[in-house]
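The values are calculated or read from the model by the stated rules, or taken from the named source; none is laboratory data. Computed from a predicted model, the values in this text were never measured in an experiment. Counting neighbours? That spans all protein chains shown, and the Cβs are built from the backbone with ideal geometry, glycine included. Just so you know, the surface numbers come from the protein's heavy atoms only, side chains and all, with ligands and any DNA or RNA stripped out. Shrake-Rupley method; radii C 1.70, N 1.55, O 1.52, S 1.80 Å.
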Amino acid sequence: MADKILAKDKLGDFLGKLQADYEVYAPQEVEGKPQWAPVEESDKVLWDFSNTHTSPKDFFFPQTEIMMRFKNVQDHENGMVMEAEPPLANKRLLFNIRPCDAKAFQVLDLIFVQDEMTNDLFWKDKRDKTTLVGLACSDPCPSCFCTSMNCGPASTTGLDALVFDLGDKLLVRALTEKGEAVAEGLDDAAEADQAAAEEQTKAAEAQISSSVGMDKVNERSVMELYEAGMWDRVYENCLNCGTCTYVCPTCHCFDIQDETQGESGRRVRNWDNCMSWLFTMHGTGHNPRGAKKDRVRQRFMHKFKYIPVKRDGEIGCVGCGRCVLLCPVNIDVRRVVNDMNA
Amino acid sequence: MEAVAQKIRETAAKLLSEGKVDCVIGYAQGTVPMRDYPYFAYTPEEAQNLTWSPFCCNNLANFLIRRPKGEIGKVAIVAQGCVSRSIVGLIKENQIAREDVYILGVPSPGMVDRRKVQDRFPLKTITEVTVDGEDLVVKGKDFEERIPQKEVRRDNCYTCVQRNPVIVDEMMGEEGPSDWGGNIDAVAAPWEKLEPGERWEAFIDEVDSCIRCYACRDACPLCYCHVCFVDEAMPQWCGKTQDEADVATFHILRAFHCAGRCTDCGACESACPQGIKVRRFTSKIEKDIRELYDYSPGMDLEATPPLSVYRPNDPQEFIK
Ligand code: SF4
Ligand code: SF4
Ligand code: SF4
Ligand code: SF4
Ligand code: SF4
């Protein structure tokens, strides 16, 4: 499908039409911060923002998710009745998602949905029913380093369509069938508009001021990196909280619990994170990652070595910069990766 | 401020080169605006990285604990009023020994709340913030503005009652006034005005966006329990979900565990990625303790913490 054009003052009609088929969400100003919210008025949709405060991963992987409910029924022949939770009822559309977040979900697809045995229905159901319409970054902030992480301000991976903000109009580029369904009916873009979008992308790429090197990380063996002396300092001031992993679009660890009350209960999965000592604590009392250093190392090794090794060079980080801004002790992932790469 | 930083660097280098301490815990300049970070200097050269600014929003006393014994030997630590009070608390709770810490005392300049600065520029990216006398100079792509620091301090710094360290081995600057003139009891006042139902609503409203990352707990020098009640599995005191009951249980129990111990350092609030005013939960409890026992935590090495003593003449019937 050719690139399309949409006048910004027609956005209300455009989103209104989509709302007949989808629940539409977009970054809006909530309590002073850019955050995801259902679209009610199209003029509340943000255009000038760096990225949402926390990542949109909870659209697919909620922090708390009920997997099933169960009930112990005495006179039932099976004794126990288990009920699956209903799948997502409506199709969803995330409008103006940043390319880095969409890239993160493509990486997570490789982890949640691998083969018959590893096929996370909860993740897949929501992914299948959601359309991602991205917004190219025209003004990347100083903490972003997406171009070092297989991504970029106008990266299309994981997106169904990509929108370029050209001031009073939007260039809409459909990338998949889902994206074509969204762009359907819009007018074709003029060549000048396409050129403006290219121009904007180049300027944005040039504006990305921070980069990290991965060449030596890729060359070095797992063990060489694991045993590197740098880990002796990186962890020093880490609080082992969960902030960096919970705000991260690519962290995906969870803990499953059965909660019971009387004869019935539910199975819930909650976000979990490798920074917590409890994460790998065995029932025997042994903890393979018993010290803070082990846990801090895990976070970075997982993202920048284990995932690349296991997933054909994909990286468990998209350079969104959220952890850089929100870690309470400024453990800056860019600095750590540069140390790994030194 | 720069003079204090310089004095910290010099003193740290001296202590390290003379072998008086193995490590100096202070701050170094962060990689993002308004986020200087806890830094461990082991050599006189590393001591040159130390800094001191209104962006030092952690509580360094936290790093005296939560580490395997013997991991670092004798340490020097940079401490303003609240941090020194936390050190007193840790000594009284037998977590550290007075002789193992060498306290580099600093009068607190009052720390800046980075969220208050950000709120002046909604949705804009701040690229640089520098200190110029009493002002901050805030820069972004298409703006530059001066903000008086006194307009954007952390809440706890306005109501601080002890800016100067209570115990010191060496002062890094001249003592200033002991408070900022704020009224510490005012922090609890909003709760007192509310009916129980409204109070609950206000509380739930505050914790509503909590993501249970526990940065507030992990940044706090009071929260040194080897196994926190939220991590306890047998029995599991607190559910792990985002349900209101579980989130509320975490915050209520944590606040109670801080009773009579919180020095109002604000590290919890500064650490929270969601901007939750965690300190407000302890404020009413601390006010009660001040009124009932005439006690403020960490002010005096000799004072007895009211909640850890038994008195045969306790006026309350239920305790006998
Ligand atoms: S790196 Fe920062 S955010 Fe992550 S666990 Fe450590 S202190 Fe918390
Ligand atoms: S590790 Fe940090 S920069 Fe990388 S994707 Fe996660 S939050 Fe973003
Ligand atoms: S970094 Fe840690 S929390 Fe994140 S995905 Fe890897 S193991 Fe899980
Ligand atoms: S509860 Fe908060 S204010 Fe009180 S001592 Fe702990 S970190 Fe400081
Ligand atoms: S730091 Fe904030 S978000 Fe994290 S657990 Fe504490 S209150 Fe909740």
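Quick check on segment A:227-319: what are the equivalent-ellipsoid semi-axes from the Cα gyration tensor, as sqrt(5λ), descending, whole Å? Intermediate results must be reported in sequence, preceding the final value.
Details: eigenvalues 150, 63, 31 Å².
Value: 27, 18, 12 Å, ordered largest first.
Mean Kyte-Doolittle of at least 0.0 plus a Cα span of 15 Å or more along the axis: flag which DSSP H helices in chain A meet both, please.
Working: long enough: A:99-112 (19 Å, 0.86); A:191-207 (24 Å, -1.18).
Going by DSSP H runs, the hits are A:99-112.
Show B:308, B:283 ordered by accessible area, largest first, where the area counts protein heavy atoms only and the probe is 1.4 Å. If you can, show how the numbers build up before the last one.
Details: B:308 85, B:283 15 Å².
Order by accessible area, largest first: B:308, B:283.
Do you know the relative contact order of chain B, to the nearest whole percent, from alpha carbon pairs under 8 angstrom that are 6+ apart? Present the calculation step by step, with values, prior to reporting the outcome.
On the way: 530 pairs, mean separation 52.9, N = 320.
Relative contact order of chain B: 17 percent.
What distance in nm separates the simple spin-label points at residue A:227 and residue B:303, each placed 7 Å from Cα in the Cβ direction?
Going by the 7 Å Cα→Cβ label model, 5.4 nm.
Find the percent of Cα-Cα distances in chain B that exceed 25 Å, and round it to a whole number. Write down the numbers at each step before the final one.
Numbers: 27266 of 51040 pairs.
Tail of the P(r) past 25 Å holds 53 percent of the pairs.
Would you mind telling me which residue in B:113, B:155, B:218 has the biggest mean-square fluctuation in a Gaussian network model of chain B, where springs connect alpha carbons within a distance under 10 angstrom?
Its mean-square fluctuation being the largest, the pick is B:218.
Select from B:213, B:265, B:23 the residue whose mean-square fluctuation is largest in a Gaussian network model of chain B (Cα-Cα springs shorter than 10 Å).
Answer for the Gaussian network model of chain B: B:213.
Gap in Å between the Cα centre of segment A:35-106 and the Cα centre of segment B:1-79?
Each part reduced to its Cα centre gives a spacing of 43 Å.
What are the radius of gyration and Dmax of segment A:186-342, computed over its Cα atoms and given in Å?
20.2, 67
Using only DSSP helix segments of four residues or longer, with each worth -39500 (n - 2.57), what per-residue ellipticity at 222 nm results for chain A after dividing by its residue count and rounding to 500?
Details: 13 runs with 100 residues, N = 342.
Estimated from H runs of four or more residues: -7500 deg cm²/dmol.
Go ahead and estimate [θ] at 222 nm for chain B from helices alone: -39,500 (n - 2.57) per DSSP H run with n ≥ 4, summed, over the residue count, rounded to 500. All intermediate terms of the calculation are to be shown ahead of the outcome.
Values: 11 runs with 97 residues, N = 320.
Value at 222 nm, helices only, nearest 500: -8500 deg cm²/dmol.
Quick one: which residues, 5 or more positions from residue A:169 or on another chain, have an amide H under 5 Å from its amide H? H modelled 1.01 Å from N in the peptide plane, none for Pro or chain starts.
Answer set, sorted by chain and number: A:8.
Counting C-alpha atoms alone, how compact is segment B:185-297: give Rg to one decimal and Dmax as a whole number, in angstrom.
Rg and Dmax of segment B:185-297, Cα atoms, are 13.9, 40 Å.
What does the charge count around residue B:135 come to, taking other residues whose C-beta lies under 10 Å from its C-beta (Lys +1, Arg +1, Asp -1, Glu -1)?
Values: positive: B:146, B:150; negative: B:132, B:134, B:145, B:151.
Once all neighbours under 10 Å are counted, the net charge is -2.
Restricting things to Cα coordinates, could you compute the convex hull volume per residue of segment B:44-191 in Å³? Could the numbers behind the result be given before it?
Numbers: hull volume 24.6 nm³, N = 148.
For segment B:44-191, the hull spanned by Cα atoms encloses 166 Å³ per residue.
Can you give the translational diffusion coefficient of segment A:124-195 in µm²/s, computed by Stokes-Einstein from the Kirkwood radius over Cα pairs at 25 °C and 0.890 mPa s?
Numbers: Rh = 13.5 Å.
This corresponds to a translational diffusion coefficient of 181 µm²/s.
Calculate the radius of gyration of the Cα atoms of segment B:54-127 to one decimal place, then report Dmax, the largest Cα-Cα distance, as a whole number, both in Å.
So, for segment B:54-127, Rg and Dmax equal 16.0, 48 Å respectively.
Given the options A:217, A:73, A:247, state which has the largest fluctuation in a GNM of chain A using a 10 Å cut-off (strictly under) for Cα springs.
A:73
Run the dipole for segment B:68-181 about the Cα centre, Lys and Arg Cβ at +1, Asp and Glu Cβ at -1, nothing else charged, and hand back the magnitude in debye, nearest 20.
On the way: 17 positive and 20 negative charges, 86 e Å.
Dipole of segment B:68-181, to the nearest 20 debye: 420 debye.
Counting only heavy atoms of protein chains, what accessible area per residue, in Å², does the protein assembly as shown have with a probe of 1.4 Å?
Details: 29710 Å² over 662 residues.
Per-residue value: 45 Å².
Taking each pair of different alpha-carbon atoms in the protein assembly as shown once, compute 1/r for the pair, average those values, and report the inverse of that mean as the Kirkwood hydrodynamic radius in Å to one decimal. Let's see the in-between values first.
On the way: mean 1/r = 0.0370 Å⁻¹.
Evaluated over the protein assembly as shown, this radius sits at 27.0 Å.
So which residues in segment B:237-255 end up with at least 40 square angstrom less accessible surface once the other protein chains are there, compared with the chain by itself, probe 1.4 angstrom?
Residues shielded by partner chains are B:240, B:241, B:242.
Using the Kirkwood radius built from alpha carbon pairs, what does the Stokes-Einstein equation give as D for segment B:1-106 at 37 °C and 0.692 mPa s, in µm² per second?
Numbers: Rh = 13.8 Å.
Diffusion coefficient, whole number: 238 µm²/s.
Taking every DSSP beta bridge with both residues inside chain B, roughly what % is antiparallel (nearest 5)?
In chain B, approximately 65 percent of DSSP beta bridges are antiparallel ones.
Can you tell me what the convex hull of the Cα atoms of chain A projects to on average, as an area in nm²? Before the final figure, lay out each step's value.
Numbers: hull surface 83.4 nm².
That works out to 20.8 nm².
Whenever you get a sec, compute what percent of the accessible area on chain A sits on carbon and sulfur atoms (1.4 Å probe). All intermediate terms of the calculation are to be shown ahead of the outcome.
Working: 7300 of 15150 Å².
Answer for chain A: carbon and sulfur cover 48 percent of the accessible area.
Could you tell me how far the Cα centroid of segment B:194-233 sits from the Cα centroid of segment A:313-342, in Å?
When both Cα centres are located, 27 Å separates them.
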